[in-house]
Amino acid sequence: MQPTMYQAFQKNFLGNSPGWYEKAIIAFLIINPIALWAFGPFVTGWMLIAEFILTLAMALKCYPLQPGGLLAIEAILLGMASPEAVYQETVSNFQVILLLMFMVAGIYFMRDMLLFVFTNILLKVKSKTTLSFLFCFAGAFLSAFLDALTVTAVLITISVGFYSVFHKVASGKKIVDDGHDHSTDENLAGNQRANLDQFRAFLRSLIMHGAVGTALGGVTTVVGEPQNLLIAEKAGWEFIEFFLTMAPVTMPVLVCGLATCIILEKTKILGYGAEMPEEVRVILQASSDHDNSRRTQYDKAALIIQVIVSLILVLGLAFHWAPVGLIGLMVIVLLTAFNGVTEEHRIGHAFEEALPFTALLVVFFAIVAVIHEQHLFSPVIGWVLAMDESVQPGMFFLANGVLSMISDNVFVATVYINEVRAVLDAGSISREHFDKLVIAINTGTNLPSVATPNGQAAFLFLLTSAIAPLIRLSYMRMVLMALPYTLVLTAVGLWGVVYMI
């Protein structure tokens, strides 16, 4: 039966999203103008934040770009933020956009080397606790010298690689077969469903340990997180000085974070502790043996080039030769040139993962522009600055942490560091007290923000990446799995800020 035009419009709106969700988005779009008229921009701004967080929570059912984008467009039309303000927020975060556009694509061209290295680690390390510790420590170490988004891109690439190999065989195909769609379970053999579910749980726990590791390491250095560079610039600190100044807080947090990883694997709570099924190990070993047996001189040469370029990448990021995104572009040029990837369609695949998220991030900047234009966080900032100096560092840590969970740690850090710098320049606080507040701002925005995917760009990238729907990593599951880390990192970080600086 031919649908009516109304039914066609209704069916097309947000595609295959749940019906209640489509109705909720329409309701938001109707209610927001009324709320703006009845309650003013401050209340409506907080409503908008809650609505946008819902779109992130529903990421596995509907990519947040469309519903979140509709809310952002309406906010601009209602005058809650100007297009110029959105543009300025985007320009301020241009380094992050460059990073997503080029660094993630650069990692794509390293996937053979990454899979070779991590497959060997996965197959040779039999203890899940040891493996989890290695992923968490590697995430922390690499993030300290690279950056959290780049390391997260690596985690996503290797996880998709592991998953696709097993899914292909579990669907009745051979390792040598090409063109398998690992996003659907329709052809999955009945006896493999239990193995797949357990393997998903195994990968979920590994990737969450690694993702939290990026926060543990990212907080320690200038290059670890996007806002660290801004904080260091305002404070006048170089790489080593930044590391040493933060160390009284960040090193105890690192130790306790790694200890939490071990405890979670031993206690097997909140989705942790899942072992890799033996059948999966056999398949991954067979795949590794097959790849090794058919590896030609050309393949070996390509791997050597990838290793060399990865070393150049580490050096470039550690010594900050250029903005991260431009180093990523250099990586793309070197890998494609020396490994013979010169066809446009082959290069284009590398950008498929990052560009939708880049678009979503710009929509997120529109929401941040509303926060900025309507001064939604100003009451909290004013309240903390009015407190006695002795309690300000601890309260700054908590206020930054809570606000970062709600919005974005880069924005929160930017707002707070500018406010504190202005107070210092006005002569209202001493340089010593300023340094304490800077430590509180950096650790407050980087540590408690692991509580939610929207708190950190790396976590949001993971939630909206190709691996999340494959391993059933939803918004709420991420929140739940991050909870023990959130509690430990926040408690130890607060203790460090209050008693160690």
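A few remarks follow.
- Taking every residue in the stretch 204-229 that is at pLDDT 90 or above and pairing it with any residue that is acidic (Asp, Glu) and in a helix (DSSP H, G or I), at least 6 positions away or on another chain, the pairs with Cβ-Cβ distances below 8 Å are Ser205/Glu265.
- Taking the conditions (1) aliphatic (A, V, I, L, M); (2) within 26 Å of Gly455 (Cα to Cα); (3) open to solvent by 30 Å² or more (accessible area, probe 1.4 Å); (4) modelled with pLDDT under 85 in turn, Leu56 satisfies each one other than (3).
- Qualifying residues in the stretch 192-234 (those that are basic (Lys, Arg) and open to solvent by 50 Å² or more (accessible area, probe 1.4 Å)) - the one nearest to the chain's Cα centre (by Cα): Lys234
- Test: residue in the stretch 324-336 that is open to solvent by 70 Å² or more (accessible area, probe 1.4 Å), within 27 Å of Glu74 (Cα to Cα) and of a type outside the set (Ser, Thr, Tyr): no
- Check on Asn418, touching a residue at least 12 places away in the same chain (Cβ under 8 Å) and open to solvent by 50 Å² or more (accessible area, probe 1.4 Å): yes
- Which numbered condition Glu389 misses (of (1) at pLDDT below 85; (2) crowded, with 19+ Cβ neighbours inside 10 Å; (3) in contact with a His (Cβ under 8 Å, 6 or more places away or on another chain)): (2)
- Within the stretch 14-29, residues that are at negative phi sit with their Cβ atoms under 7 Å from residues that are aliphatic (A, V, I, L, M) and part of a helix (DSSP H, G or I), at 6+ positions apart or across chains, in these pairs: Ile25/Leu70; Phe28/Leu71; Leu29/Leu70.
- Any chance Ile312 is within 28 Å of Met246 (Cα to Cα), assigned by the TED database to the domain that holds Ala440, part of a helix (DSSP H, G or I) and aliphatic (A, V, I, L, M): yes
- Enumeration of residues in the stretch 342-369 that are surrounded by 15 or more Cβ atoms within 10 Å (Cβ to Cβ) and β-branched (Val, Ile, Thr): Ile347, Thr358, Val362, Val363, Ile367, Val368
- In the stretch 235-243, the condition of being open to solvent by less than 60 Å² (accessible area, probe 1.4 Å) and closer than 30 Å to Met113 by Cα is met by at least one residue.
- Any hit, the stretch 123-136, residues being surrounded by 23 or more Cβ atoms within 10 Å (Cβ to Cβ) and charged (D, E, K, R): no
- The stretch 467-476, subset outside any helix (DSSP H, G or I) and of a type outside the set (A, V, I, L, M, F, W, C), residue least open to solvent (accessible area, probe 1.4 Å): Ser474
- Pairs are defined by a Cβ separation below 8 Å, a sequence spacing of at least 6 or placement on different chains, a first member in the stretch 453-466 that is open to solvent by 10 Å² or more (accessible area, probe 1.4 Å) and modelled with pLDDT of 80 or more, and a second member that is among the hydrophobic types (A, V, I, L, M, F, W, C) and not in a helix (DSSP H, G or I); the pairs so defined are Thr464/Ala59.
- Scan of the stretch 102-116 for residues that are among the hydrophobic types (A, V, I, L, M, F, W, C) and open to solvent by 60 Å² or more (accessible area, probe 1.4 Å), ordered by number: Phe116
- Close pairs from the stretch 366-394: first aliphatic (A, V, I, L, M) and in a helix (DSSP H, G or I), partner open to solvent by 40 Å² or more (accessible area, probe 1.4 Å) and modelled with pLDDT of 80 or more, Cβ under 6 Å, at least 6 apart: Val384/Met395
- Going through (1) in contact (Cβ under 8 Å) with a residue 12 or more places away in the chain; (2) part of a helix (DSSP H, G or I); (3) open to solvent by 40 Å² or more (accessible area, probe 1.4 Å) one by one, Ile34 falls short only on (1).
- For the residues Val450, Val488, Val479, the requirement of being open to solvent by 10 Å² or more (accessible area, probe 1.4 Å), in a helix (DSSP H, G or I), in contact (Cβ under 8 Å) with a residue 60 or more places away in the chain and among the aliphatic types (A, V, I, L, M) singles out Val488.
Okay, residues lined up against (1) within 30 Å of Leu462 (Cβ to Cβ); (2) within 25 Å of the chain's Cα centre (by Cα):
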| position | (1), (2) |
| --- | --- |
| Leu311 | yes, yes |
| Pro356 | yes, yes |
| Leu360 | yes, yes |
| Phe364 | yes, yes |
| Ile371 | yes, yes |
| Gln374 | yes, no |
| Glu389 | no, no |
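- Taking the stretch 37-53 as the range and being open to solvent by less than 50 Å² (accessible area, probe 1.4 Å) and at pLDDT below 90 as the test, the residues that pass are Ile49, Phe52, Ile53.
- Criterion violated by Tyr63 - all others in (1) in contact (Cβ under 8 Å) with a residue 60 or more places away in the chain; (2) buried (at least 19 other Cβ atoms within 10 Å of the Cβ); (3) of a type in the set (Ser, Thr, Tyr); (4) assigned to a helix (DSSP H, G or I) satisfied: (4)
The values are calculated or read from the model by the stated rules, or taken from the named source; none is laboratory data. Since the model is a prediction, treat every value here as computed from it, not as a measurement. Glycine also receives a Cβ, built like all others from the backbone with ideal geometry; neighbour counts cover every protein chain displayed. The area values use the complete protein model at the heavy-atom level, side chains included, leaving out ligands, DNA and RNA. Shrake-Rupley method; radii C 1.70, N 1.55, O 1.52, S 1.80 Å.
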